[in-house]
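To keep things clear, I will list the structure first and then write my remarks on it.
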Amino acid sequence: MIVRKKMAEKKSRTKKKECQVAFSPFEVSVEVPSGSNLLDAVKTTNLPLKATCGGKGTCGDCVVRILSGPYHSKPAAALPDHLASQGYALSCQTTVRGNLSVELPQFRELSIQSIVDSKFFRKERDKISGTYELDPAVKKISLQIPPATLDDSFSDLKRIERQLQKKLPGYTMSCEYSVLKKLARAVRKDSGKINVIISLSEGRAVIIDAVPPSEDRGLFSLACDIGTTTVALHLVDLQNGKIAATATSLNQQITCGEDVISRIVYSQKPGRLKKLHELIILTINNLIEKVVTAARISSDEICFGSFSGNTTMTHLFLNLDPRYIREEPYVPTLNQVPAALARDLGLKMHPEARIHCSPAVGSYVGGDITAGLLCTP
Ligand code: FES
């Protein structure tokens, strides 16, 4: 027993400190113990760094540039001294000693493109922010629910729907199961005052959340352009129509092919469609984390997402096989995408958030074009 305790103490004393390694231009980071090999750290991320010699330090493929942070690199014939003195290092010969910022130089051009886009978005954001008429598909409605009595003993849900009907006449009402589970408390917490979040679509009003005013939060939406190379995302405050934060990054699918055709080809081997889908969800979730941090809100406050991309990107976003987009007669699975839920796609938003994809016209005229036309004066 004593021996075991001593071993545990020794283990905790010798536990290596975790270091954060951030890779640009992909905006991906990992935590690894101090002393880890940098190439091993890259491998845990799925980033596209070649290592032809298998880590012997002879091919030079795994070269990176360390932008900041402590590291130790062994000298290697594949890396000239003048490059080493500028911060270049062979990742297979490099040991992580602390938090590192690492650039994959092969992708630097893409990073420049991304920065240009980012400037463009900052400028455009100020032009369009808050200028459109606000009529979102998800709304917050404040209700006062009369208390139940022996003469009026309808269920909590029925009493909420009755009040809601007065504000939304003609709509068919329903409520998500996840909301039902907290309804009894929510409706009593503030003496019958309650804020309900409603999704409105084609004559149907669905309650996707119910919160007592004392626990009220914001209501936000995402507007996301899923580009083959770059993904851009606005966080929009649905109470005033203003853009609260913007973030852009490379589409991490770029590690599997640079254009739509190479990604369709890549997706045809077992397990790879899933991988492409996971990479775009990961890219978007990283961007959501950024805008949520910038706007100081919780991701649960984002109750709607509008996504646009070319037809192949939309298929991969929804985990649909894009194969027949490439083969004559070039037929997509669908053009009009029915509303999906954030929880089904693994997006870091309110789990009941409605996901809308801009409709495509065909295999090569996608939702990115239709969304662009919608905003064209
Ligand atoms: Fe070849 Fe590092 S993997 S030099």
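Residue pairs whose Cβ atoms lie under 9 Å apart, separated by 6 or more positions or on different chains, with the first residue in the range 40-66 and closer than 15 Å to S29 by Cβ and the second at pLDDT below 80 and near the ligand (Cβ under 6 Å from one of its atoms), are V42/A51; K43/A51.
Taking the range 50-67 as the range and being in a strand (DSSP E or B) and either in contact with a Leu (Cβ under 7 Å, 6 or more places away or on another chain) or buried (at least 17 other Cβ atoms within 10 Å of the Cβ) (or both) as the test, the residues that pass are V63, V64, I66. Those strands (runs of 3 or more DSSP E) of the range 195-285 in which 3 or more residues are under 19 Å from M313 (Cβ atoms) occupy 220-226, 230-237, 243-250. Residues that are surrounded by fewer than 24 Cβ atoms within 10 Å (Cβ to Cβ), touching a residue at least 60 places away in the same chain (Cβ under 8 Å) and out of contact with any Pro (no Cβ under 9 Å at 6 or more places or on another chain) within the range 298-320 comprise S298, E301, S306, N310, listed in sequence order.
Look at (1) modelled with pLDDT under 85; (2) away from the ligand (no atom under 16 Å from the Cβ); (3) acidic (D, E) and you find that D61 fails only one, number (2). Residues in the range 15-30 that are acidic (D, E) and in contact with a helix residue (DSSP H, G or I) (Cβ under 9 Å, 6 or more places away or on another chain): E27 alone. Of the candidates K181, K242, the single residue that is touching a Gly at 6+ places or on another chain (Cβ under 6 Å) and not β-branched (V, I, T) is K242.
Within the range 84-106, being surrounded by fewer than 20 Cβ atoms within 10 Å (Cβ to Cβ) and either over 30 Å from Q253 (Cβ atoms) or more than 13 Å from the ligand (Cβ to nearest atom) (or both) holds for A84, S85, Q86, G87, T95, R97, G98, N99, S101, E103, P105, Q106.
The number of residues in the range 161-194 that are touching a helix residue (DSSP H, G or I) at 6+ places or on another chain (Cβ under 8 Å) and not aliphatic (A, V, I, L, M) comes to 5.
Among the residues of the range 285-322, those identified as touching a helix residue (DSSP H, G or I) at 6+ places or on another chain (Cβ under 6 Å) and closer than 14 Å to G218 by Cα are V292, S299. Please find, within the range 199-255, the residue that is surrounded by the fewest Cβ atoms within 10 Å (Cβ to Cβ) out of those that are in contact with a helix residue (DSSP H, G or I) (Cβ under 8 Å, 6 or more places away or on another chain), closer than 25 Å to C375 by Cα and of a type in the set (S, T, Y). Checking each candidate, the answer is T229.
Tell me, yes or no, whether the range 28-49 has at least one residue that is surrounded by fewer than 17 Cβ atoms within 10 Å (Cβ to Cβ), within 10 Å of the ligand (Cβ to nearest atom) and within 20 Å of C256 (Cα to Cα). Among the residues of the range 28-49, not one is surrounded by fewer than 17 Cβ atoms within 10 Å (Cβ to Cβ), within 10 Å of the ligand (Cβ to nearest atom) and within 20 Å of C256 (Cα to Cα), which makes the answer no.
Among the conditions (1) part of a helix (DSSP H, G or I); (2) surrounded by 20 or more Cβ atoms within 10 Å (Cβ to Cβ), the only one that R343 does not satisfy is (2).
The values are calculated or read from the model by the stated rules, or taken from the named source; none is laboratory data. This one's a predicted model, so the numbers in the text were calculated from it and none came from an experiment. Please note: Cβ atoms are built from the backbone with ideal geometry, for glycine as well, and neighbour counts cover all protein chains shown.
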